[in-house]
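Undergrad: Mind looking over this structure? Questions follow.
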Amino acid sequence: MINYLFKRIFEMIPTLFGITLISFMILHLAPGKPTDVLADFNPKITPEARERLEKMYNLDKPVIVQYVLWLNKIVKFDFGESFSSDRRPVIDKIWDKKQPLTERRLFITFMLNVITMFVILVIAIPLGITSATHQNTLYDRITTTSVFIGFATPSFWLALLLMMFFGVYLGWLPISGLKSMNYDSLSLAGKIIDRINHLILPVFVYAFGGLAGDSRYMRSSMLEVIRQDYIKVARAKGLPERIVIYRHALRNALLPLITLIGLSVPGLIGGSVIMESIFGIPGMGQLLFMSVMTRDYPVIMGIVIIVGFLTLLGNLLADIGYMLADPRIRH
Amino acid sequence: MLLILLTGCKEKSVSYIQSDTKETGYEPAYGDTLITGSIGEPSVLIPMLAGDSASHDIAGLIFNGLVKYDTDLSIIGDLAESWEISKDGLIITFHLKKGVKWSDGVEFTASDVLFGFNTIIDEKTPTAYKEDFLQVSKAEVLDKYTFRVTYKKPFAPALSSWGNLVVLPEHLLKGKDITKTTMTREPVGLGPYKLKKWVPGQELILESYKDYFEGRPYIDGYIYRIIPDPATMFLELQAGGLDMMGLTPLQYTKQTDTEIFKKNFQKFRYPVFSYTHMAFNLRHPWFKDKRIRQAIAYAIDKKEIIDVVLFGLGSPATGPYVPNTWPYNPDVKNYEYNPEKAKQLLREAGWKDTNGDGILDKDGKPFEFTILTNMGNNLRKNTATIIQWRLAKIGIKVNIRVLEWSTFVNEFIDKRRFEAVILGWSISPDPDQYDIWHSSKTREKEFNFIGYNNPEVDELLEKGRRTFNTGERKKIYFRIQEILAEELPYIFLYVPDATPIVHSRFKGIKPSPIGISYNLPKWYVPKPLQKHAMEP
């Protein structure tokens, strides 16, 4: 077991290396340079001044040299400095130690994703089980249709409709951001309520789109399990249906979901980019979006390596979870 | 001075055609907070290092310059009490105001200006605004309140360049690497506002500088919220989360035309210092011919484009200047919509529809070309579509290609791989446009990318930047506009209007050709209407 873990962790290193290499190359294949923001179509910049700027960022060197320079730093856990005019260290942008924990971008994105994932599971699992046990009934069809509507609805459109209804028309919920203007003057309870209010819409929109996948997986996995012989045996023993389903079938039906959760990390982070931009949430997704727009290579690479690491970690945890849950693959 | 108008750039909130100002009997009062929104986050608050409009929005409230533009576009003193320009136009001597203090209490003196100047010309300073200052041969401090610069040759735009780019607190920055100081994010300035708190990705909170040299601003707080999505921003405005933002033409004409908006907000409208145009690649054999360019101009109805694309919120452009400003020549050749004339000019140039497919041809080649424009700017895309439709009527087939900005610039503009493009320039109040029209500026990354070459225009441009007298300069730039209108290297399409909206509790807004925000420190909210108290 321990050996297996070591092997897996060791294997992560070349994978992560590959991820960074490919991302770096693709990034540099895209036209445009970080200096464009300052220099493009600005008659005050002479071609010489542009060259000076490019030299300053090492952009005049071949891509592979730039990659090695970046790699040299990253192995020492130095993420480098942003190319945007603030020149802040990348790590400060993602994980600003001067800010309280709840204001740091990585934390915000992480929490948003954890909460969303939690909401999705809490709804999707019972939904999947019940539609499996009521297969082909009206209930099954209604839930299936609704989760697919959620899957098919463009999230930005739904977000705007809900903002209009709950934010402008009813005035019940805040429209964007993470906290209110008067946040600092609120009591602790007030602060918590304020935060929750700000999270309701983004988490709802985010989770609504993600229900389909997990609930459908849950349904099909459940359907497969309840056709197994041991379920028949359980039923034959005269156990109540509730115990058959929730004690015997569910445990086995949940197994594929472990993998699914582990694999959903990159998708969730990708979704954060859209959600955080619409709702004005200052997380890592928003930073990634702005950095891509300005070709801020070091920041993009910093986020890529974090997301890459989280993805691999998700896979690893899924495998470990699987091993713990399923004795058959422990060897 | 000149920057291409990028999509989604927040328009500076300014105006002079005001729709509904209610001048009331209220007394000016201190207090309240103005909340505005931006799709982008500032990156650095030292003006000379900033490249984006968000950074300049905020840095502009924190730093002042030696001179500034008055509402009639003349140059007036800001930190400078007065100045003299030597007869040959080579030496400018500034006399600074006395007793102006940085927000940390230290007095502002001439050595701060010299320090700023030395910093901006320093090789190692990554700034986009060096060029004007490299023309200076000598800069010196004569005494505490007198600063003198000597130019290599007369340079008319020189005076206006002494704005807030070169005023830096020497006592805080001396001997430090400017890109590494805390000043970039915690600036100490001498403008009407100072930065109180910056929450990355969320908001910048500014508070008024009580000892501002022109008097304490009435509004105590200024909050700049970062809301990346424009639709979300508009909803925030409706929900009371914002007091001021720039509206799109659709929002201005339709979506804010409700009772609630009329009651709670005041809208402004004024021409932006920019114009949208269609530029031809003059190296292309067809577009070399002036008659073709003129024919296309006759076939386009500018009024129609403005009505459809901008909902009427703009004015037709006839040259590279904004109507009603001093360099603007109203009497140049105008191309009224006239498809018959267009067809006739094309016939003269040898284009006929010989095979009856509805498309003109010459030497067996159909008249078909592609208009390129950049992604994300629907105004330009829609303009292209209307032009495509209009040109089809006179037998020219137009294709439209919308490209991502970097691809557009690097692969097509820089490599000269285009036939026609739709783009916009934003322009400075100074009329010098040497970089755009002079025939020496055609190298890669330079701005005469269409390859325009006219010796008379070259000469006029050189003369224009050597002449200080406004009357004489006016003649020069009037002549340039006549030539451009005749030769049409660009088809000048329209000058859009900026359309900001401000909550109606804010009083004292005086619209002018340079907009509304120039007198922000004089805006006020009468005591009974104040909404937000600034935390001490």
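The values are calculated or read from the model by the stated rules, or taken from the named source; none is laboratory data. If you're wondering where the values come from, they're calculated on a predicted model, not measured in any experiment. Glycine gets a Cβ as well: all are built from the backbone with ideal geometry, and neighbour counts include every protein chain shown. Only protein heavy atoms, including side chains, enter the accessible area calculation; ligands, DNA and RNA are left aside. Shrake-Rupley method; radii C 1.70, N 1.55, O 1.52, S 1.80 Å.
Undergrad: Taking all protein chains as present, what is the carbon and sulfur share of the accessible area of the protein assembly as shown, in % to the nearest whole number, probe 1.4 Å?
TA: Carbon plus sulfur share of accessible area: 60 percent.
Undergrad: Using the crude model of +1 on Lys and Arg Cβ and -1 on Asp and Glu Cβ, and no other charge, please compute the dipole size for region B:42-183 relative to its Cα centre, in debye to 20.
TA: Taking the Cα centre of region B:42-183 as origin, the dipole is about 320 debye.
Undergrad: Accessible area lost on pairing A with B, both sides, 1.4 Å probe, Å² to nearest 100?
TA: Protein heavy atoms only, the A-B interface buries about 4500 Å².
Undergrad: Moving on. For chain B, give the magnitude of the charge dipole about the Cα centre (Cβ charges: +1 Lys/Arg, -1 Asp/Glu; no others), in debye to the nearest 20.
TA: For this selection, approximately 440 debye.
Undergrad: Semi-axes of the equivalent ellipsoid of region B:27-79: what are they in whole Å, largest first, if each equals the square root of 5 times a C-alpha gyration tensor eigenvalue?
TA: Result for region B:27-79: semi-axes of 22, 20, 11 Å.
Undergrad: Could you provide, to the nearest whole Å², the per residue accessible area of chain B with probe 1.4 Å?
TA: 39 Å²
Undergrad: Under a plain spin-label model, where a point goes 7 Å from the Cα along Cα-to-Cβ, how far apart in nm are residue B:365 and residue B:182?
TA: Label-label distance for residue B:365 and residue B:182, simple model: 6.5 nm.
Undergrad: Find the centroid of the Cα atoms in region B:243-259 and in region B:20-94, then give the distance between the two in whole Å.
TA: Spelled out, the Cα-based centre of one part sits 26 Å from the other.
Undergrad: Whose amide H sits under 5 Å from the amide H of residue A:280, counting only residues 5 or more places off or on another chain, with H placed in the peptide plane?
TA: A:177, B:229
Undergrad: Something else: Pick out, from B:425, B:453, B:520, the residue whose Cα sits farthest towards the positive end of the charge dipole of region B:424-536, with +1 on the Cβ of Lys and Arg and -1 on the Cβ of Asp and Glu.
TA: B:520
Undergrad: If you plug each phi of region A:96-106 into the Karplus form 6.51 cos²θ - 1.76 cosθ + 1.60 with θ = phi - 60°, what whole-Hz ³J(HN,Hα) values come out, in order, with x for Gly and Pro?
TA: These are the phi-based 3J(HN,Hα) values: 7, 5, 6, 8, x, 3, 6, 9, 7, 4, 4 Hz.
Undergrad: If you take the Cα atoms of region B:358-510, find Rg, then find the Kirkwood Rh from the mean of 1/r over all pairs, what is Rg/Rh?
TA: 1.05
Undergrad: Provide the per-residue ³J(HN,Hα) series for region B:109-114, in order, calculated from phi with Karplus coefficients 6.51, -1.76, 1.60 and θ = phi - 60°, each as a whole number of Hz, with x at glycine and proline positions.
TA: So the J values, rounded to whole Hz, are 9, 4, 6, 5, 5, 4.
Undergrad: Between beta-carbons, use under 15 Å as the cut-off and find the net charge around residue A:304, counting Lys and Arg +1, Asp and Glu -1.
TA: Around residue A:304, the charge tally is +3.
Undergrad: Return a whole-number percent for the relative contact order of chain B, with Cα pairs under 8 Å and 6 or more residues apart as the contact set.
TA: Result for chain B is 24 percent.
Undergrad: Order the following by accessible area, largest value first: B:160, A:291. Probe radius 1.4 Å; ligands, DNA and RNA are ignored.
TA: B:160, A:291
Undergrad: What percent do you get for the relative contact order of region B:42-183 when only Cα pairs under 8 Å and 6+ apart count?
TA: So the answer I get is 28 percent.
Undergrad: Only Cα pairs within less than 10 Å get springs; with that Gaussian network setup on chain A, which residue of A:316, A:138, A:112 has the largest fluctuation?
TA: Ranking A:316, A:138, A:112 by mean-square fluctuation puts A:138 first.
Undergrad: In the neighborhood of residue B:160, defined by Cβ-to-Cβ distances under 10 Å, what is the net charge if each Lys or Arg adds +1 and each Asp or Glu adds -1?
TA: Here the charged neighbours net out to -2.
Undergrad: Further, regarding this structure: Taking H placed 1.01 Å from N in the peptide plane, check which residues at least 5 places from residue B:75 or on another chain put their amide H under 5 Å from its amide H.
TA: B:70
Undergrad: When the convex hull of the Cα atoms of the protein assembly as shown is projected onto a plane and the area is averaged over all directions, what value comes out in nm²?
TA: Its Cα hull, projected and averaged over all orientations, spans 44.2 nm².
Undergrad: While we're here: Using θ = phi - 60° and the Karplus relation 6.51 cos²θ - 1.76 cosθ + 1.60, list the HN-Hα couplings for region B:68-73 in order, rounded to whole Hz, with x at every Gly or Pro.
TA: 8, 7, 7, 5, 9, 6
Undergrad: Sticking with this one: Could you tell me the accessible area of residue B:283 in Å² (1.4 Å probe, neighbours in place), rounded to the nearest ten?
TA: Approximately 100 Å² for this residue.
Undergrad: Putting +1 on Lys and Arg Cβ atoms and -1 on Asp and Glu Cβ atoms, find which of B:364, B:324, B:238 reaches farthest to the positive end of the dipole of chain B.
TA: Of the candidates, B:364 comes out farthest on the positive side.
Undergrad: Hey, what D do you get for region B:42-183 in µm²/s if you plug the Kirkwood alpha-carbon radius into Stokes-Einstein at 4 °C and 1.567 mPa s?
TA: In µm²/s, the coefficient rounds to 84.
Undergrad: Here's another thing I want to ask about it. Would you list, by chain and number, the aspartates and glutamates whose Cα falls below 13 Å from the Cα of residue A:7, excluding same-chain residues fewer than 8 positions away?
TA: Within reach: A:319.
Undergrad: Which far-off residues, 5 or more places away or on another chain, put their amide H under 5 Å from the one on residue B:265, with H placed in the peptide plane?
TA: Answer set, sorted by chain and number: B:504.
Undergrad: Return an integer: the convex hull volume of the alpha-carbon atoms of chain B, in Å³ per residue.
TA: Cα convex hull per residue, to the nearest whole number: 156 Å³.
Undergrad: Tell me, Kirkwood radius of region A:229-331 from alpha-carbon pair distances, in Å?
TA: 16.7 Å
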